[in-house]
Structure formats: structure tokens, C-alpha cells
Amino acid sequence: MGLISIVLLGLELVTGSFALVPLPWLEREASAGSVVVNWGWVFIGNLIGSVAYGALLAIALTNMGATAPAGVAARIVQIAELKTTGYSALGFAGLVSCFVKAMLCNWLVCLAIVLAMTTTSTIGKIACAWMPIFIFFAQRL
């Protein structure tokens, strides 16, 4: 839902910007400085948005910290802990595995952004962006 909203609103996701913004620079149509400035603004915007959403979600799911995480909140914490301790237990292999999974995830998200750019229809954008994200979740990355 989040990625589809970003695509339909014409906003920028930092991973998509990392993939697409250097292309005009490679063709000498933009300066390296403009690429870095774009990356900076998109990164800051994505960081602010994700931290704000995370904070608001934590407030909503724990009644502003008055109750312990339960239900969805408890499951989010459990999954985060399992992934973190799972990679940690593997040592260097866990670090490499986590890094490779992050690259694959980014690859699929960037593919979703590029595919959504191939059509102008709303349903086309949704379908094109949905396919790589479905694969992302199906592979349990």
C-alpha cells in the first residue's frame, strides 16, 4: 500500500532515486552535485516520514506507551527481534546474508518503481508495481 501510494502520488522513494537519478548524470544531462542534492533531500524526506510514521504507529499500538505491545505491535517486535538475533547468531555469514537480502529487496523495489513508470493508467501502475513487491514478499526477503 505504501509503495503504491508513493507511485500514484508521484513522490520519490529513496531506493528508486538511488537507481534512477544517476542516469541523467551518466548521460551528462545533470551535474553530480544535483544528483547528490536530490539524494539528500529524498533521503531526509524518507527518513522524516518513516520516523514519524513509526512513532505514530507506536503511540497508536501502545496507547502512548501506557500498555505493553500486544497483538500486531507484539508481532512486529517479535519479528524484528527474530531477524536481528538470527543474523547475529550467524556472525559474518549473517552479515553477508542480510546485506545480500537488502540488495535483492532494493532491486525489486526499484524494479517496481521503473515498471510503474511504463504506464499512465492508475490500474496499470498498481499492477506493475505490485508484481515485484509480491515476489519480494513471496521470497520472504
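Could you please find all residues in region 7-34 being closer than 21 Å to Met103 by Cα, free of Cβ contacts under 8 Å to residues at least 60 places away in the same chain and either open to solvent by less than 40 Å² (accessible area, probe 1.4 Å) or charged (D, E, K, R) (or both)?
Those that are closer than 21 Å to Met103 by Cα, free of Cβ contacts under 8 Å to residues at least 60 places away in the same chain and either open to solvent by less than 40 Å² (accessible area, probe 1.4 Å) or charged (D, E, K, R) (or both): Glu12, Val14, Ser17, Val21, Pro22.
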Some residue of region 109-122 being within 17 Å of Thr15 (Cβ to Cβ), open to solvent by 70 Å² or more (accessible area, probe 1.4 Å) and in a loop (DSSP other than H, G, I, E, B): yes
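Take the conditions among the β-branched types (Val, Ile, Thr) and out of contact with any Asp or Glu (no Cβ under 9 Å at 6 or more places or on another chain) and apply them to Val42. Does it pass?
no
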Hey, Arg75 open to solvent by 50 Å² or more (accessible area, probe 1.4 Å) and in a helix (DSSP H, G or I) or not: yes
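The values are calculated or read from the model by the stated rules, or taken from the named source; none is laboratory data. Given the structure is predicted, the values throughout are model-derived calculations rather than measurements. Counting neighbours? That spans all protein chains shown, and the Cβs are built from the backbone with ideal geometry, glycine included. Protein only, heavy atoms only, side chains kept; ligands, DNA and RNA dropped before computing areas. Shrake-Rupley method; radii C 1.70, N 1.55, O 1.52, S 1.80 Å.
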